[in-house]
Amino acid sequence: MTWALLIGYFLGSLPTADIVGRSRGLDLRSAGSGNPGAANTLRVGGRRAALAVLAFDLIKGAAAAAAGAAIDGDRTAVAAAVAAVAGQVHNPWFRFRGGKGLGVTAGATIVLWPFGLLVTLPVIAAASKVLRSAGGSVVGLAWFFAAAVLWAANGWTTAWGIASDDALVWYAIGIVVLAAPKFISDLGRPPL
């Protein structure tokens, strides 16, 4: 389990958004919202740069979850995935100030609970239209947790992912605990 946590945290902490930004002459930490993620990259660097950041975040999350599963099954996959999100959110390369973790979460969720991604993305999209990005993300994270509890309680299939049991619920708890504070702190900020 220790190796899975270390691998997950390392993968999540890779400063891919900063690398993409700097390759295009951008310092994402001082431009736009200051967040090194796909949404801020879209604002200040355009679609192509944002897609590159999103692709790297998806790969980091998926690789961490897959590495954890290869090391020791479902619980270790969850631990590695949550560690990857922790590495993204609390990035050691930047004084533990990182991104918001949704791209890495999406990548990990593709491996662990693909149906979770399918039922959460529309909620985030719809809520974001009404409540702005931060509000929509908070609602989406709450829905992600509720859906995980519902999935585990009913034993519904996760497609090719982990079993529908308490590991799925712990995954959702870990994601919400790490990502929600970032979005909650943005709720009162004026839009960019």
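The values are calculated or read from the model by the stated rules, or taken from the named source; none is laboratory data. Remember, it's a predicted structure, so these values are computed and weren't measured experimentally. All Cβ positions, even for glycine, are placed from backbone atoms using ideal geometry, and neighbour counts span all protein chains on display.
Please find, within segment 138-159, the residue that is surrounded by the fewest Cβ atoms within 10 Å (Cβ to Cβ) out of those that are in contact with a Ser or Thr (Cβ under 7 Å, 6 or more places away or on another chain) and part of a helix (DSSP H, G or I). That would be 143. Within segment 28-76, restricting attention to residues that are part of a helix (DSSP H, G or I), of a type in the set (S, T, N, Q) and modelled with pLDDT under 95, the residue that is nearest to residue 97 (Cα to Cα) is 40. State whether one or more residues within segment 140-161 are of a type in the set (S, T, N, Q), over 27 Å from residue 187 (Cα atoms) and free of Cβ contacts under 8 Å to residues at least 24 places away in the same chain. Looking through segment 140-161, at least one residue is of a type in the set (S, T, N, Q), over 27 Å from residue 187 (Cα atoms) and free of Cβ contacts under 8 Å to residues at least 24 places away in the same chain.
Among residues of segment 10-28 that are within 12 Å of residue 56 (Cα to Cα), those with a beta-carbon under 6 Å from a residue that is surrounded by 20 or more Cβ atoms within 10 Å (Cβ to Cβ) and among the polar types (S, T, N, Q) at least six positions away or on a different chain give the pairs 12/88; 13/91. So, residue 162, is that one assigned to a loop (DSSP other than H, G, I, E, B) and within 23 Å of residue 74 (Cα to Cα) or not? So residue 162 passes the test.
Considering 123, 44, the condition of being surrounded by fewer than 23 Cβ atoms within 10 Å (Cβ to Cβ), free of Cβ contacts under 8 Å to residues at least 24 places away in the same chain and within 26 Å of residue 163 (Cβ to Cβ) is satisfied by 123 alone. Screening residue 107 on (1) surrounded by fewer than 24 Cβ atoms within 10 Å (Cβ to Cβ); (2) at pLDDT 95 or above shows it passes everything except condition (1).
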